[in-house]
Amino acid sequence: MVRLGTGIGWRLEIADDIARLPGIDWVEVVAENICPDHVPDALRRLRERGTTVVPHGVSLGLGGAERPDPGRLRALAERAEALGSPLVTEHIAFVRAGGPLTASPAIEAGHLLPVPRTRDALDVLCENVRIAQDALPVPLAVENIAALISWPGEEMTEGQFLAELVERTGVRLLIDVANLHTNHVNRGEDPAKALDELPTSAIAYVHVAGGVERDGVWHDSHAHPVTQPVLDVLAELCARTAPPGVLLERDEDFPAAEELAGELDAIRAVT
């Protein structure tokens, strides 16, 4: 397992701040935002300094009924090779539905949608993960997502679902502790129970992000400071294993560099 250290999500809007932040071992970049032939200069300079870059995909839809699109897999592989990445990551989610095999037009959700935790859905997910693994030049890790709803008739908890996915495919896990907290508030799921059930030895790295609660609903905004409850879930995870890497995500309403540095320090204090 690659030891990554402490990282931050690379966004063009804060590229200069990231370059100056102390103790950044690696960055994660949204794969679909990068062209392999035209890597942004600021990201290229980070690589030249020895900073590891991990592409993080958002459009494969590994939890969907259709097999992964070969073109999207090629694009993800090209980004991994262009960035010299030790692994790539995606989400346990579906992002599109409909199409030629159905009576409905193809629909792109524009959002990460939760996979039902059923045996049938797990069978589909496992096959899609295997196809992706075979097409990629580096190991794949998949991320648990935040959701507002639970599907009816679910047969497994989140931890059980992830554990069987790992057992059947050997895929690595990207555990988002902010998403575990989100599912605690919105779906009444216990983060500690999920952590007890999942195979911690499969964790490739961890996401930490901010959000906000409004009217009893937790919004996984990536636009607010990291809260203590999310850090508490991170501490629960670290009590069970030493994650190879931990990364701070921020996607909008970017604060000053000093605030980002403070959040990174808070994460380091837990890990």
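The values are calculated or read from the model by the stated rules, or taken from the named source; none is laboratory data. Owing to the predicted nature of the structure, the values given are computational and were not obtained by experimental measurement. Note that each Cβ is placed from the backbone with ideal geometry, even for glycine, and that neighbours are counted across all protein chains shown. Remember, those area values only see protein heavy atoms, side chains included, never the ligands or the DNA or RNA. Shrake-Rupley method; radii C 1.70, N 1.55, O 1.52, S 1.80 Å.
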- Qualifying residue in the range 222-243 (condition: among the small types (Gly, Ala, Ser), more than 22 Å from Ala163 (Cα to Cα) and assigned to a loop (DSSP other than H, G, I, E, B)): yes
- Please tell me if Leu125 is open to solvent by less than 30 Å² (accessible area, probe 1.4 Å), in contact (Cβ under 8 Å) with a residue 40 or more places away in the chain and under 24 Å from Val138 (Cα atoms). yes
- Those residues that are open to solvent by less than 60 Å² (accessible area, probe 1.4 Å) and outside any loop (DSSP other than H, G, I, E, B), I need them from the range 98-114; list them, please. Ala109, Leu112, Leu113
- Of all residues in the range 185-200, how many are crowded, with 18+ Cβ neighbours inside 10 Å and within 18 Å of the chain's Cα centre (by Cα)? 4
- Item | Close pairs from the range 101-117: first polar (S, T, N, Q), partner surrounded by 12 or more Cβ atoms within 10 Å (Cβ to Cβ), Cβ under 9 Å, at least 6 apart | Thr102/Ala65; Ser104/Ala97; Ser104/Gly98
- Within the range 143-184, restricting to residues that are among the β-branched types (Val, Ile, Thr) and surrounded by fewer than 18 Cβ atoms within 10 Å (Cβ to Cβ), the one that is farthest from Cys238 (Cα to Cα) is Ile149
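The rows are residues; the columns are (1) touching a His at 6+ places or on another chain (Cβ under 8 Å); (2) part of a helix (DSSP H, G or I); (3) of a type in the set (Asp, Glu).
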residue	(1), (2), (3)
Arg96	no, no, no
Ala132	no, yes, no
Val138	no, no, no
Leu148	no, no, no
Pro152	no, no, no
Asn179	yes, yes, no
- Message: Being charged (D, E, K, R) and either modelled with pLDDT under 95 or assigned to a helix (DSSP H, G or I) (or both) narrows it down to one residue among Arg117, Arg79; which is it?
- Response: Arg79
- Message: Six or more apart or on different chains, Cβ atoms under 6 Å: show the pairs whose first residue is in the range 69-86 and touching a residue at least 24 places away in the same chain (Cβ under 8 Å) and over 21 Å from Leu46 (Cβ atoms) and whose second is open to solvent by 30 Å² or more (accessible area, probe 1.4 Å) and not in a loop (DSSP other than H, G, I, E, B).
- Response: Leu73/Ala135
